[in-house]
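Following: one structure in C-alpha cells, then a few remarks.
The values are calculated or read from the model by the stated rules, or taken from the named source; none is laboratory data. Fair warning: this is a prediction, and the values are worked out from it, not measured in the lab. Positions of Cβ are backbone-derived with ideal geometry, glycine not excepted, and every protein chain shown enters the neighbour counts. What goes into the accessible areas is simple: the full protein's heavy atoms, side chains included, and nothing from ligands, DNA or RNA. Shrake-Rupley method; radii C 1.70, N 1.55, O 1.52, S 1.80 Å.
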Amino acid sequence: MKQFSQLIKTLDGTNKTNVKVAALANYFASATDQDKVWTIAILSHRRPPRPVNTTLLREWASELANIPLWLFEESYHIVGDLAETIALVVPQDETATDKSLTQFLQEMIWLKKQEDADKKVYLFANWKQLDYYGRFVFTKLITGGFRIGVSQKLMTRALAKATGIDEDILAYKLMGNWDPNTISFQDLVLEEKASDFLSKPYPFYLAYALEDEPKDLGDVTQWSFEHKWDGIRAQVILRNNELFVWSRGEELVTDKYPEFEAFVGAIPNGTVLDGEILPYPNGEIGTFNDLQTRIGRKTVSKALLKKTPVVLKAYDLLEWEGKDCRELPYLERRKLLEQLHSQVTSAKGAPLLLSQKMAFNSWEEVAAERETSREKRSEGLMLKKNASPYLVGRKKGDWWKWKVDPLSIDAVLTYAMRGHGRRSNLFTDYTFALWDENEDGEKELVTFAKAYSGLTDAEFRKVDAWIKKNTLERFGPVRSVTPHHVFEIAFEGIALSKRHKSGVATRFPRILRWRQDKKIEEANSLEDLKALIPNGEG
Amino acid sequence: MKKTLLEFTNRGIYCHPAKVYLDPWKPVDKALITHGHADHSRWGHQQYITHNSNVPIIKHRLGDINVSGVNWGQPFTINNVKFTFYPAGHIIGSSQIKVEHKGEIWVFTGDYKLEDDGVATPYESVKCHSFITECTFGLPAFLWRPQTEVFTDINNWWAQNKANGQTSILFGYSLGKAQRLLKHLDPSIGKIYTHGAIENMTEVLRPLVDFPETELITKDTKKEAIKGNLVLAPPSAHGSTWIRKMVPFVTASASGWMAFRGARRRRAIDKGFVLSDHCDWPSLLKAIKDTGAEKVICTHGYTDIFSKYLRDLGYDARTEATQFEGENAEVNAEPETQESA
C-alpha cells in the first residue's frame, strides 16, 4: 500500500504530464502483478462497490476524531473532499500496517458483506494505523474517484512504456468487462486470448472541436458531413448471438436498453456499430431531457419503454464479418454500414436508424446546413474525411465537430456553493436567476440554472471573495448572496420541463463571461429565455 | 447599553476609556499595533505605539510615521487604562495587547501561534476575562507537524532538486514566513537567493536576528549561477516573468493552506509544505483554555464555525466582523496560473 500511496502522492503533487507518466511507468515496472492489476482497475474506474456508505463514514470519522458531527460536516464543506477530510481530522496511533494494495481491496470486497458494527471496527483499526496520506488513499478507495488528473489514456501510455506493448493495443485490451479480483496481470495485459474478445469494444474515436475556418480543411468534396446528435455515444456489439452495448464512458449498458435485444438475429454476428443512442418518442427524435428519464435506470418499466423508447442512430462500422475494419477508409465503411442497414430494416422492429450522410459543393453550403441544426435538434455538424480510418481516442485531423454557437442569456447570481477538488474552499458553484413577475405583478428573481465553469481562476477568486463578504443566509454548504452580479450564461439546448421551478431546462449551462458592465435590472427575464425554445415546443 | 472595555467599531477595535484603537483599519489619532502585516498596521494614523522590534518593520513599510516602541511585559497607562504588550509568536516583533481597567482584563491577540519558530519571540499565555482571538485555521482539519520535521522535508526537497540539476523556488510571504524559512534552510546544500521584496525586509531584520547569507537576484545575476540553488520569493512572483531566469526549476509553497490538496493544486505548484505562522486547531483550543477567559471573541478565519464550537464547549463566544485577513492576504496575492494537462 505504501508504494501505491506514494504513487498517488506523486501524481497528485505535480501538474506535469511527463512526471506523471514517469511515476506510473516506474510503479508498473516495480509493483507486484496483483497490485498492478488493481491499480489499473482503480485508475480506470473499476474499483469494487462501495463497502460503507458515506453517512456512516462521516458519523464514524467524527466519533474517532472526537468532534461533533456538525463540525465534521462543516469541515467537509470547506475541505471539499470526504476522504481528505477524514484523513485530516482522524488521529494516528503508534501502530503501523504493511498490508498490500491487493489485500486492502480484497478486504473491501469482504467488508461490504459485514454488519455495521464490524465495519466500524475495521475502519477504526485501519484509520488509526495508516499515516495521513495512507489514510487519505485508503478512504478514497472506499468512497471512489481519485481526481488526480490521470486519464485512462495517460495510464495506458505509462503501461505501454513499462511493458513495451503498443499503446493502442493496450487501450483495447483494458476495455470491457474484467474483474480485477480474478484476473492476473498475465491474463489482462501480457497475454492475448480469443475468448476475451467477445464483449470487447474498440476505443472510441473522438473528434476535436473545429478551431479554425472550415475552409482551411481544404477541398470540401473530400469530406462527408453528418448532423451531430445529442444522445449517448455507444458501441453496439454482436458476437456469437450475444449483444453488448457500451457507452463512451466504457460502461456496459446493455441492460438499460432492452430495445436493442431486437438486433440479435437481425444483425449478423461479428458486427460492431458506432452510433448515438437517441430518445424516440412518438416516432421522432426527442430532446436530451427525454433521454434523461432513461439514463441511470437499471431496470426499465414497460410504461417508460413505451413512453420513451430509444433508437440507435448508427454512423460507423468498426467490425464486419468478424473482422476489424477500422483501417478501411470512411466511405468504404459507410457503404458496408448502408448495406447492413437495409438488411436490418427489412427485418421487423429493429430500432436502427442510419445517420444521414451529406456532401456539399462549397463550405458556404456546409455553413448554411449548420444553421439548420437547432431546428433539427442536432448540436451542429460532424466533419469526416472521406479517406479517414477509424482512429483511437481524441485525434486531430480527420474528424471535427462543428457545433452551433451556444444560446446565451444574462442572469443574476443568487446562490453559491463551495467547489471540490482544486476548487475546494472556494465558492465556485453558482445558481443563477432571471426576472419574472409574480401574481401581484412584482418583479422577482427565479432560479433557472446552475453553472460552475467558464471563469478564470482569477475571476473565481474575485467572485469568491465578494461572496464571502456579501452572504445573506447560509443553508449548510449553500449561501444566498445579495443579487448584484450579472453573468452571461451559455447553454447548448433548451426545452420545457416540469421538473424545473422555472419551467425550463437548459442543457450544459456554463458561464460565458462576467458582465461587470451590467446592473441586475439589465439581466434578462424568464420570458426572454422561453422565447429561445425552438418552435413547436414553446 | 453599557460600553464594553473594547468594542468593535467601523474604524477598528476601540478602547473607549483610553480613546485608543487596536490595529485600526481606518486612520485614527492613536493606534496600538500588534504586528507589521499590512492588515494590522495600516497607513495614516497620527501616532503608532508598537513593540520595539516592530518599529523598524513598520517604518520600512509605512515610511515616515510617528511611532514609539514599548517592551514586552512593561505596562503603560493611557487615560487610566493599563496596557501591556506580550509576545504573540506570530512573526518578529508581534505582540498580544493586554488591556486592564477597573479590574477587568481583555487580551487582543492580533495573529499568533504557540510553537517557537526560532525567529519570533515565543507566545506567552496571559490570563484574562475576555480573549479576542484570530481563528484563521479554526477547523479540526488543521493540525501542524513540528517545524523541525517540516524543515527536514524542505531541506531534503532542496537537496533532491539540486541532485536533479533543478533550481528550488520556495514561496513565502516577504515578512515573517520568508525569514522563518531562511533561518532554517541548510546553507551547506547551496546558495540562497532572494527576490527584492524579501531581501529588503530581511535587511531590516538582520540587526535583530542572525540569518544565513542571501544574495539578491538582479538583472546582472547569471542564470548559470542560480542553477541548483534555492530562491526565496513572495507568492506574487509565481507565474511572473521574473522566475523564467530560474529554468529549470521546481516550485514549492510554505503555508497553512497547503494542508488542503485543492489549495495546492489550483496554484499549480509542485510541492506544498504545511507551515503556518498561525495556530492550528489544538493550539487555538489550548491557548483559549490557558487564558482562563470566559468570553471569547473570534475576529477572523472560520469565525462562525469556531465560535459555535466554543459555545458547545461552554464558552461565551461570539464573532465580530473585522478587516483582518490572516493568511488569506498571502493566498490572494497569488496571480492566476495555467494548469497543464
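For B:Ser340, work out the one condition from (1) open to solvent by 30 Å² or more (accessible area, probe 1.4 Å); (2) hydroxyl-bearing (Ser, Thr, Tyr); (3) at pLDDT 85 or above it doesn't fulfil.
(3)
Report whether or not A:Arg326 is buried (at least 18 other Cβ atoms within 10 Å of the Cβ), outside the structural domain of A:Ala495 (by TED's automatic domain parsing), assigned to a loop (DSSP other than H, G, I, E, B) and at pLDDT 90 or above.
In short, yes.
If you check A:Ile67, A:Ile78, which single one turns out to be outside any helix (DSSP H, G or I) and at the interface with chain B (Cβ under 8 Å from one of its Cβ atoms)?
A:Ile67
Just wondering, is there one or more residues in the stretch A:53-62 that are within 14 Å of chain B (Cβ to nearest Cβ) and surrounded by fewer than 20 Cβ atoms within 10 Å (Cβ to Cβ)?
Yes, that holds for at least one residue.
So, B:Thr167, is that one among the hydroxyl-bearing types (Ser, Thr, Tyr), surrounded by 16 or more Cβ atoms within 10 Å (Cβ to Cβ) and not assigned by TED's automatic domain parsing to the domain that holds B:Trp25 or not?
Yes, satisfied.
So which residues in the stretch A:418-447 are within 14 Å of chain B (Cβ to nearest Cβ) and hydrophobic (A, V, I, L, M, F, W, C), if there are any at all?
Answer for the stretch A:418-447, where residues must be within 14 Å of chain B (Cβ to nearest Cβ) and hydrophobic (A, V, I, L, M, F, W, C): A:Leu426, A:Phe427.
Those residues that are closer than 19 Å to A:Gln3 by Cβ and open to solvent by 20 Å² or more (accessible area, probe 1.4 Å), I need them from the stretch A:125-160; list them, please.
A:Gln129, A:Asp131, A:Tyr132, A:Tyr133, A:Phe146, A:Val150
Hey, can you tell me all the residues within the stretch B:190-227 that are closer than 19 Å to B:Lys162 by Cβ and buried (at least 20 other Cβ atoms within 10 Å of the Cβ)?
Listed by number, the residues that qualify are B:Ile192, B:Tyr193, B:Thr194, B:Thr214, B:Ile217, B:Ile226.
For the stretch A:286-296, which positions are among the aliphatic types (A, V, I, L, M) and either farther than 14 Å from A:Gly493 by Cα or open to solvent by 40 Å² or more (accessible area, probe 1.4 Å) (or both)?
Result: A:Ile295, single match.
Can you spot a residue in the stretch A:154-172 that is closer than 24 Å to A:Pro351 by Cβ and either in the same structural domain as A:Ala359 (by TED's automatic domain parsing) or under 19 Å from the mean Cα position of the chain (by Cα) (or both)?
Looking for residues that are closer than 24 Å to A:Pro351 by Cβ and either in the same structural domain as A:Ala359 (by TED's automatic domain parsing) or under 19 Å from the mean Cα position of the chain (by Cα) (or both), one finds none in the stretch A:154-172, hence no.
How many residues are among the acidic types (Asp, Glu) and part of a helix (DSSP H, G or I) if we restrict to the stretch A:428-477?
Residues in the stretch A:428-477 being among the acidic types (Asp, Glu) and part of a helix (DSSP H, G or I): 3 in total.
Quick check on my filter: what residues within the stretch B:270-298 are of a type outside the set (D, E, K, R), open to solvent by 10 Å² or more (accessible area, probe 1.4 Å) and out of contact with any helix residue (DSSP H, G or I) (no Cβ under 8 Å at 6 or more places or on another chain)?
B:Trp281, B:Pro282, B:Ser283, B:Leu285, B:Gly292
If we scan the stretch B:76-88, do we find a residue that is without any contact (Cβ under 8 Å) to a residue 40 or more places away in the chain and in a loop (DSSP other than H, G, I, E, B)?
no
Return a yes/no flag: does the stretch A:97-109 have any residue that is within 14 Å of chain B (Cβ to nearest Cβ), modelled with pLDDT under 90 and open to solvent by 10 Å² or more (accessible area, probe 1.4 Å).
No, the stretch A:97-109 contains no residue that is within 14 Å of chain B (Cβ to nearest Cβ), modelled with pLDDT under 90 and open to solvent by 10 Å² or more (accessible area, probe 1.4 Å).
Do you know which residues across the stretch A:451-468 are open to solvent by 50 Å² or more (accessible area, probe 1.4 Å) and either more than 9 Å from chain B (Cβ to nearest Cβ) or within 11 Å of A:Leu426 (Cα to Cα) (or both)?
If the condition is that a residue be open to solvent by 50 Å² or more (accessible area, probe 1.4 Å) and either more than 9 Å from chain B (Cβ to nearest Cβ) or within 11 Å of A:Leu426 (Cα to Cα) (or both), then A:Tyr452, A:Lys462, A:Lys468 are the ones that fit.
Just one of B:Phe211, B:Phe273, B:Phe249 is under 30 Å from B:Pro56 (Cβ atoms) and in contact (Cβ under 8 Å) with a residue 40 or more places away in the chain; which is it?
B:Phe273
Could you pull out the residue among A:Val21, A:Val52 that is of a type outside the set (Gly, Ala, Ser) and in a helix (DSSP H, G or I)?
A:Val21
Restricting to the stretch A:24-44, count the residues that are surrounded by 20 or more Cβ atoms within 10 Å (Cβ to Cβ) and assigned to a helix (DSSP H, G or I).
Total meeting the criteria: 12.
Yes/no matrix, rows are residues, columns are (1) closer than 26 Å to A:Leu206 by Cα; (2) assigned to a helix (DSSP H, G or I); (3) not assigned by TED's automatic domain parsing to the domain that holds A:Glu319:
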| position | (1), (2), (3) |
| --- | --- |
| A:Leu273 | yes, no, no |
| A:Glu276 | yes, no, no |
| A:Asn289 | yes, yes, no |
| A:Arg294 | yes, no, no |
| A:Lys306 | no, yes, no |
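What about B:Ala237, is it over 25 Å from A:Arg418 (Cβ atoms) and of a type in the set (A, V, I, L, M)?
When the stated conditions are applied, B:Ala237 passes them.
Please count how many residues of the stretch A:225-243 are open to solvent by less than 20 Å² (accessible area, probe 1.4 Å), under 23 Å from the mean Cα position of the chain (by Cα) and within 17 Å of A:Ile285 (Cα to Cα).
3
From the list B:Ile217, B:Ile198, exactly one residue is out of contact with any Lys or Arg (no Cβ under 8 Å at 6 or more places or on another chain) and more than 14 Å from chain A (Cβ to nearest Cβ). Which is it?
The unique qualifying residue is B:Ile198.
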